[in-house]
Amino acid sequence: MDDQETQSTFLRLPIEIRQRIYDFAISAQHLKAPDQRFVDPQWHDKPQGLPGLLLVNKAISQEAISIFYSRAILNIAPLHPPEYLFDALNARGPKLNLTLGLQRMVAPFPAQNIARVETCHIYAGQSKAISAEAYEALLGWLMTRTSVQSIKLSSRLMTRLRRARTALASTHNLYLAASGVSVVKTVYIYSQHARSPWELTQMSRLRSALAGRELPVVQAHVWNKNRGEEPFLDPRWDVRHNDDDQRLAKMDQLSTWYDSLLAADSICQARVGRQPEQTDKKLYQVCFVFEVPP
């Protein structure tokens, strides 16, 4: 029996049998954009290439490709904005450019395939601290372009320098628009450590600026699927001593919303309790996704 006849025989099997064969033959593999370079000691998951099953013929590849990409782990890093853009990161344009840069970088992967990815590992692409805005642009891109449910974050990405303030007005608008709207998806972001040494040095400053307000254990973002903007971080993680009463009042109103979202999520509540010391995967951030009508 030649190869062509063998392939024809395989394709005559019931689809349920073929799906079970694909499930058995295709394991989780790592993907990486060819042009992206990582500068991260934690990166060791080298891409392995396409499994041989996808190279047999076009018909088999079309059937199996969805399983391959839904199990694949996308390795990616935030883009580093040019220095001259840092002072303009409050504006929409520079953040949009970061998103377009990510889209151009993963262009070798067909959009319908990358949309099936459910797991992502984020590494550092530079030796110095990254921009918080670039990181949030990456989160927004992942939730727009993929089906991500779980993200593993390199410890190096826990040190993020923020130039622009969190978008308090936009966050408040989403809070008002999402009244009565349920969370449609929750994305969990894990890291090896609960806090980085750099973050621990910031805690006393944050607590002082909060003036007795509670700082949650888990950093939470909210995101409107229908707007395509970057996710909005809980403003308590960006509080500053020079914030005026108006900004603090709006932050207090939003804090109640963020706290209610965290309290309603069982995984976040488990993180608030004691976690096993032996685990190398600690819940670090969470993103609550809404689908607010335009």
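Here's the yes/no breakdown for (1) closer than 21 Å to residue 293 by Cα; (2) surrounded by fewer than 19 Cβ atoms within 10 Å (Cβ to Cβ):
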site: 209; (1), (2): no, yes
site: 214; (1), (2): no, yes
site: 218; (1), (2): no, no
site: 222; (1), (2): yes, no
site: 225; (1), (2): yes, yes
site: 241; (1), (2): no, yes
site: 250; (1), (2): no, yes
site: 256; (1), (2): no, yes
site: 264; (1), (2): no, yes
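Restricting to the stretch 200-254, give me the number of residues that are among the basic types (Lys, Arg) and either under 26 Å from residue 267 (Cα atoms) or not assigned by TED's automatic domain parsing to the domain that holds residue 268 (or both).
Of all residues in the stretch 200-254, those among the basic types (Lys, Arg) come to 205, 207, 213, 225, 227, 236, 240, 247, 250.
Adding the requirement that they be either under 26 Å from residue 267 (Cα atoms) or not assigned by TED's automatic domain parsing to the domain that holds residue 268 (or both) leaves 207, 213, 225, 236.
Summing the residues that are among the basic types (Lys, Arg) and either under 26 Å from residue 267 (Cα atoms) or not assigned by TED's automatic domain parsing to the domain that holds residue 268 (or both) in the stretch 200-254 gives 4.
For the stretch 238-245, the criterion of being without any contact (Cβ under 8 Å) to a residue 60 or more places away in the chain, within 21 Å of the chain's Cα centre (by Cα) and closer than 21 Å to residue 136 by Cβ is met by none of the residues. Apart from one condition, residue 227 fits all of (1) in a loop (DSSP other than H, G, I, E, B); (2) closer than 20 Å to residue 158 by Cβ; the exception is (2). Among the residues of the stretch 238-268, those that are modelled with pLDDT under 95, under 21 Å from residue 199 (Cα atoms) and in a helix (DSSP H, G or I) comprise 238, 268.
Out of the residues in the stretch 13-65 meeting the condition of being among the polar types (S, T, N, Q) and loosely packed, with under 14 Cβ neighbours inside 10 Å, tell me which one is nearest to residue 101 (Cα to Cα).
First, pick out the residues of the stretch 13-65 that are among the polar types (S, T, N, Q): 19, 27, 29, 36, 42, 48, 57, 61-62.
Now narrow it down to the ones that are loosely packed, with under 14 Cβ neighbours inside 10 Å: 27, 48, 62.
Numbers: 27: 30, 48: 25, 62: 28 Å.
Ranking the candidates gives 48 first.
Which condition breaks for residue 130 when tested against (1) at pLDDT 85 or above; (2) of a type in the set (A, V, I, L, M); (3) in the same structural domain as residue 99 (by TED's automatic domain parsing)? The number of the failed condition is (1).
Restricting attention to the stretch 165-177, the residues being part of a loop (DSSP other than H, G, I, E, B) and crowded, with 18+ Cβ neighbours inside 10 Å number 2.
If you go through the stretch 188-210 and keep only what is of a type in the set (A, V, I, L, M) and closer than 18 Å to residue 166 by Cβ, you end up with 189, 203, 206, 209, 210. Within the stretch 122-152, the set of residues being in a strand (DSSP E or B) and buried (at least 21 other Cβ atoms within 10 Å of the Cβ) comprises 122, 130, 131, 151, 152.
The values are calculated or read from the model by the stated rules, or taken from the named source; none is laboratory data. Please read all numbers here as calculations on a predicted model, not as lab measurements. Note that each Cβ is placed from the backbone with ideal geometry, even for glycine, and that neighbours are counted across all protein chains shown.
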